[in-house]
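The values are calculated or read from the model by the stated rules, or taken from the named source; none is laboratory data. Since this is a predicted model, take the numbers as computed values, not measurements. Here Cβ is always computed from backbone atoms with ideal geometry, including for glycine, and neighbour counts include all displayed protein chains. Just the protein is used for accessible areas: all its heavy atoms, side chains included, with ligands, DNA and RNA removed. Shrake-Rupley method; radii C 1.70, N 1.55, O 1.52, S 1.80 Å.
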Amino acid sequence: MSEQILQKCQRFIGALAHMRKLQMQVIKADEKSVTVVLPVQGQLVSNELDTYMHGGVLTTLVDTATSLSTIPALKEYELCPTLDLRIDHMSAPVASQPMYAHAECYRVTRNVLFTRATVYQDNPSKPVAYAISTFMRPGSGNTDLAFKSLVDGVKETI
């Protein structure tokens, strides 16, 4: 089951051009959580500012990981748009280490999914950030069939 979840998550992230551009990869996925890595990249280093990356990249990492954590939480894939996302920055990341986001969907209701994530570099107990987010459940019938088929890894039949 964990291998199937990992493959679904990898297909989801591989279908999105901005994830490919940022070289994000799903490195672990199981019935409870997902871990995404953002590798070290020169394109993310700011020479003008004394920082590793733009806050939008960290936000994209968190939004992606928490979104992916909804996949194992649901019986059937649903494309769930982000309703709310909050990030608490705990420390500045360093340029020499990749960033990881470990996310879980901890509550599922009929209309909303609740997720949380820890962003870290070398040690999960020394986070770069904590995050919480919520996602709307539009219902499985409202997800584009072609995208659902791609994530599920099945050929769409006409």
Positions within region 1-15 being under 17 Å from Val62 (Cα atoms) and either free of Cβ contacts under 8 Å to residues at least 12 places away in the same chain or buried (at least 18 other Cβ atoms within 10 Å of the Cβ) (or both), in sequence order: Cys9, Phe12, Ile13, Gly14
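Filter region 115-158 down to residues that are among the polar types (S, T, N, Q), part of a strand (DSSP E or B) and in contact with a Lys or Arg (Cβ under 9 Å, 6 or more places away or on another chain), then give me how many there are. Talk me through it step by step, then tell me what you get.
As a first pass, look at region 115-158 and keep what is among the polar types (S, T, N, Q): 115, 118, 121, 123, 125, 133-134, 140, 142-143, 149, 157.
Next, from what is left, pick out any that are part of a strand (DSSP E or B): 115, 118, 133-134.
Of the ones still in play, those that are also in contact with a Lys or Arg (Cβ under 9 Å, 6 or more places away or on another chain) are 115, 133.
Residues flagged as among the polar types (S, T, N, Q), part of a strand (DSSP E or B) and in contact with a Lys or Arg (Cβ under 9 Å, 6 or more places away or on another chain) within region 115-158 amount to 2.
For (1) outside any loop (DSSP other than H, G, I, E, B); (2) touching a strand residue (DSSP E or B) at 6+ places or on another chain (Cβ under 9 Å), each residue gets a yes or a no:
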residue: Asp63; (1), (2): yes, yes
residue: Thr66; (1), (2): yes, yes
residue: Ile71; (1), (2): yes, yes
residue: Leu79; (1), (2): no, no
residue: Leu83; (1), (2): yes, yes
residue: Pro93; (1), (2): no, yes
residue: Ser96; (1), (2): no, no
residue: His102; (1), (2): yes, yes
residue: Leu113; (1), (2): yes, yes
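Quick one: would you say Val57 is part of a strand (DSSP E or B) and either open to solvent by less than 10 Å² (accessible area, probe 1.4 Å) or in contact (Cβ under 8 Å) with a residue 24 or more places away in the chain (or both)?
Values: part of a strand (DSSP E or B): no; either open to solvent by less than 10 Å² (accessible area, probe 1.4 Å) or in contact (Cβ under 8 Å) with a residue 24 or more places away in the chain (or both): yes.
Against the criterion (part of a strand (DSSP E or B) and either open to solvent by less than 10 Å² (accessible area, probe 1.4 Å) or in contact (Cβ under 8 Å) with a residue 24 or more places away in the chain (or both)), Val57 does not qualify.
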May I ask you to list pairs of residues, at least six apart or on different chains, whose Cβ atoms are under 6 Å apart, with the first in region 64-84 being on the phi < 0 side of the Ramachandran plot and the second being assigned to a helix (DSSP H, G or I) and hydrophobic (A, V, I, L, M, F, W, C)? Leu68/Cys9; Ile71/Cys9; Pro72/Ile5; Tyr77/Val151
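Can you tell me which residue within region 35-52, out of those that are more than 14 Å from Tyr120 (Cα to Cα) and surrounded by 12 or more Cβ atoms within 10 Å (Cβ to Cβ), is modelled with the lowest pLDDT?
So in region 35-52, the residues more than 14 Å from Tyr120 (Cα to Cα) come out as 41-51.
Within this subset, residues satisfying the condition of being surrounded by 12 or more Cβ atoms within 10 Å (Cβ to Cβ) are 41, 44-45, 51.
Values: Gln41: 82, Leu44: 76, Val45: 73, Thr51: 58.
Selected residue: Thr51.
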Sort out which residues of region 130-153 are closer than 23 Å to Val37 by Cβ, at pLDDT below 95 and surrounded by 14 or more Cβ atoms within 10 Å (Cβ to Cβ), and write them in order of number. Leu150, Val151
Restricting to region 21-46, count the residues that are charged (D, E, K, R) and under 13 Å from the mean Cα position of the chain (by Cα). 1
